[in-house]
1. Would you mind computing, in nm to one decimal, how far apart the modelled labels at His239 and Asn118 are, each placed 7 Å from Cα along Cα→Cβ?
2. Given charges of +1 on the Cβ of Lys and Arg and -1 on the Cβ of Asp and Glu, with all other atoms neutral, how large is the dipole of the chain about its Cα centre, in debye to the nearest 20?
3. Mind checking which aspartates and glutamates have their C-alpha under 18 Å from Lys193, skipping anything on the same chain fewer than 8 residues away?
4. Under 5 Å between amide hydrogens, which residues at least 5 positions from Asp182 or on another chain qualify, with H placed 1.01 Å from N in the peptide plane?
5. Which order do peptides 150-157, 293-300 fall in by mean Cβ count within 10 Å, highest first?
6. So I have (i) 63; (ii) 45; (iii) 49, and one of them is percent of Cα pairs over 28 Å apart calculated from this model. Which one is it?
7. Counting DSSP beta bridges in the stretch 137-241, what percent are antiparallel, to the nearest 5?
8. If you plug each phi of the stretch 32-48 into the Karplus form 6.51 cos²θ - 1.76 cosθ + 1.60 with θ = phi - 60°, what whole-Hz ³J(HN,Hα) values come out, in order, with x for Gly and Pro?
Amino acid sequence: MIYKSEHGGDIYSISNFLGFDPSEILDFSSNVLPFDLFKSLNLEISELTTNFRRLPEPHSQSLIKHISSKYNLPLDSIIVSSGTTEILDNITRIYRNKRVCILGPTYKDYEKFSVLNNLKVEHSLATEGNNFIYDLNNIELEKNFYDIIILCNPNNPTGVLYNHKKLVKLIERLKNTLFVIDESYMPFLFNWKDYTLLNNDLDNTIVLQSFSKIYGAPGLRLGWAYSKNKKLIEKLKKHQSIWSVNSMAQFVGEKLLYINTDSYVKVLNSYKDDVSNKLSSLDFLKFYPSVTNFIMFKYVHNNPMDLYKFLLKNRVLIRNLYNIEGLDEKYFRIAINLEENNNYLIDLLNKFKEYGM
C-alpha cells in the first residue's frame with residue numbers, strides 16, 4: 001500500500017505516512033511559484049504582529065481598493081476571500097439543487113463542492129486522443145441547459161489554454177448559464193492580458209484569481225474574484241463571514257500585489273522548456289505541452305505506482321492524478337521548481353529508467 005494524496009502540496013500527510021519530516025520532502029506536487037517573494041517585502045515581525053491585535057477589516061475593503069487600482073476594476077465588482085475554494089463553495093451554495101457541468105479533466109474540488117451543495121453534477125471531458133484540448137463547440141453544452149459551467153483556464157492539470165474567442169462566444173450564447181472561470185494559473189502566461197476575462201462585459205461570468213499560485217503563498221489562504229454581475233458579488237458577500245480573511249493575509253496581500261512577477265515568470269518558463277526537453281527523452285513517459293507552470297505526463301507501461309513509490313523513497317513528491325475524472329493512476333503532474341530541484345527530479349527519472357523498471 002502507498003499513501004496517495006487527494007491534493008497537491010499535502011506534504012504533511014505524506015511525511016507522516018513515510019516517517020519523514022516535511023522539510024525533508026522535495027515537493028513537485030504543488031503548483032506554486034518556487035521563488036521566495038517574501039524576502040523582497042522586507043517585512044518586520046512587528047508589522048505582522050500589530051495586525052494580530054485587532055479584528056480584520058470587514059470584507060477586506062482596503063485590499064479590494066488595491067486590486068481595483070492594479071487591474072482597473074470597479075470596487076463593487078470584486079470580492080476577496082480566504083482562497084478561491086471559499087468562493088467556489090459559496091457559489092455552489094447559492095446554486096444549490098441546480099445543474100452544473102464541469103469541463104475537464106480538471107481540479108477535483110469543483111466536483112467536491114458541487115456534490116456537497118447538492119448540485120446535479122455532469123462532466124464534459126476532453127480526451128487524450130485530442131491532447132486534452134476541449135472542444136468549445138460541443139453542442140451538448142447548449143442542449144442541456146446547465147445553470148453553471150465551471151472551467152479552469154489555463155486548465156489544471158492538463159496545462160491547456162482555452163481558445164479565447166470561442167470561449168467568449170459560448171458565454172454570450174448561453175446567457176442564462178453562470179460561467180465560473182478559475183484563472184489561478186493565468187498569471188504564468190507572458191501575454192495573460194490577451195486571454196484573461198478580467199474586466200469582461202459579460203453578466204454571466206465570475207472570474208476567480210489566486211494569491212497562492214503566482215505569489216507562491218498557498219499558506220496565506222487568499223483569493224479574490226471579479227464579476228460584472230454586482231448582484232452576484234453581493235450575494236456571495238452575504239454568504240461569507242465579514243472576517244473571512246485574517247489581518248495578516250490582508251496586510252501581506254496588499255504588499256504582494258505590487259511585486260512585478262514578469263521576471264520570475266520568464267525564468268520559470270525557461271526552466272519548463274528545459275524540463276520538457278528532458279522528459280521527451282524518457283520513453284516510458286508521454287508528456288503533454290503546457291502553457292503554465294506545471295506539466296502533466298502519462299506513464300506508458302504497467303504498474304505506474306512503481307514510479308510514484310520510487311520517487312517517494314527518494315523523498316520526492318509528485319501529484320498522482322488517480323482521482324481526477326477522465327484520468328487514472330497512469331497520469332501524473334509535476335510543478336516546475338527551482339533549477340537544481342528540476343535537475344534532481346530528472347536524474348531520478350533516469351535512474352528509475354535504468355534500475356527501477
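1. About 1.4 nm, to one decimal.
2. 860 debye
3. Asp182, Glu183, Asp201, Asp262
4. Residues meeting the amide H criterion: Leu151, Cys152, Asn153, Leu208.
5. 150-157, 293-300
6. Correct label, based on the coordinates given: (ii).
7. So the antiparallel bridges in the stretch 137-241 amount to around 30 percent.
8. Karplus-based 3J(HN,Hα) across the stretch 32-48 equals 10, 4, x, 7, 8, 7, 5, 4, 6, 7, 6, 7, 8, 4, 5, 5, 7 Hz.
The values are calculated or read from the model by the stated rules, or taken from the named source; none is laboratory data. None of these values were measured; they are calculated from a predicted model. Heads up, the Cβs are rebuilt from the backbone with ideal geometry, glycines too, and the neighbour counts pull from every protein chain shown. Calculation scope for accessible area: heavy atoms of the full protein, side chains included, ligands and nucleic acids excluded. Shrake-Rupley method; radii C 1.70, N 1.55, O 1.52, S 1.80 Å.
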